[in-house]
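**Q** My questions all concern the structure below.
The numbers here are math on the coordinates, done by the rules we state, and not lab data. Model, not experiment: these values are computed from the prediction. Neighbour counts run over all protein chains shown; Cβ positions are idealised from the backbone, glycine included.
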Amino acid sequence: MTTDIIELNNFIVLIEQSNAEKTFVQKCEIDGDAVGFAFYGSGNVELEIKHNNQTKYLTNTTGLAISFFGNQKVEFAHKIAPDKPLQSISIFTKLKNLHTLSQVEKEIFEKQLPELLHPKEHFVKGPTHFMTLDMQLAVQKIFNTTYSGNTRLLFLKSQVNELLAHYFALLSDKRKVELSEKDKEKLFQAKDIVSDQYSKPPTISELSKLIGLNSTKLKKNFKELFGIPIFKYIHEERLNKAYELLSQSDKTVQEAAWEVGYESLSSFSNAFQKKFGSRPNEVKKQFLSNKS
């Protein structure tokens, strides 16, 4: 587990990564009354929460954004699965620090998270949503940046601010997704299938048969639940995997493009630059430079 800790206007930000070969458990406590946010770029985490002789479990997975209130009487334990590398961003602030915010910022917290600002228990779970595409991009930029020193710190602060802004914008969106638990399970199943088969994904018709949901509902409800169309999600998964291959393995740009399902190198390069702001060969050069 590697953790970067930065301070941002009375907020503490933890940027954590883990690529353990076996299940890893990390315990932590909160010092005083605090509001927290967590954004999961990748990984599968089971959060165990103990307070008042109670134990609660929250399963957090790739793409989730959560919020909560907790204090020193709550024990947290993260059980991190080894099957997917963990990338998470956690943001904490003491309740008393919220009084130092501007009037506009305080009103946002009061309006969107009243149950966390006026908690009735030692632990209170706030709104949980799947991140929008803008939020996912902000998270990816945080983990993919090659900046260093003070430039990196300045960049991370800007992206954390952007992430919180997108989160509150999501909370203020009055549109509600009303789906049955059965349909949600099917949509999660669809997401897992295309995540595993991103290089050669099934067609919408094939996918709908695999999960037992008609094509129209599949397309409509997938976008409503996850905030992104199915094929856009697959596109994002391909590019994320390509970045991982280029920055963490000896794969060439051509090999990475082929592995994630691109036949045209120019199309791959253009899509990659649009998403990450750098050409694939630049990321590969950076990897080789750090390796030597």
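**Q** Post the alpha-carbon centroid distance, the stretch 214-292 to the stretch 38-107, in whole angstrom.
**A** 28 Å
**Q** Here's a follow-up. Which listed residue (Ser247, Phe276, Leu218) has the Cα farthest towards the positive end of the charge dipole for the stretch 211-292, taking +1 on Lys and Arg C-beta and -1 on Asp and Glu C-beta about the Cα centre?
**A** Leu218
**Q** Taking each full run of DSSP H in the chain as one helix, which ones are at least 24 Å long along their axis (Cα atoms) and have mean Kyte-Doolittle hydropathy of at least 0.0?
**A** Those that clear 24 Å and a mean of 0.0 are 149-172.
**Q** Kindly flag which residue pairs out of Lys186/Lys219; Lys79/Lys275; Lys79/Lys241; Lys217/Lys241 have an alpha-carbon separation exceeding 21 Å in this structure.
**A** Table pairs above 21 Å Cα-Cα are Lys79/Lys275; Lys79/Lys241; Lys217/Lys241.
**Q** Shifting gears a bit: Could you tally the net charge around Leu8, taking each other residue with its Cβ under 13 Å from the Cβ of Leu8, Lys/Arg +1 and Asp/Glu -1?
**A** -3
**Q** How big is the chain on each of its three principal axes, counting only the C-alpha atoms and giving the largest first in Å?
**A** For the chain, the Cα spread along each principal axis is 55, 50, 40 Å.
**Q** Figure the gain on full extension for Lys291 and Glu7 (residue separation times 0.36 nm, minus the Cα-Cα span) and round it to one decimal in nm.
**A** Between Lys291 and Glu7, full extension yields 99.2 nm more.
**Q** In debye, nearest 20: dipole of the stretch 175-285 around its Cα centre with unit charges on the Cβ of K, R (+) and D, E (-)?
**A** 460 debye
**Q** Per DSSP H run of at least 4 residues, take -39500 (n - 2.57); add these up for the chain, divide by its residues and hand me the 222 nm value, nearest 500 deg cm²/dmol.
**A** -14500 deg cm²/dmol
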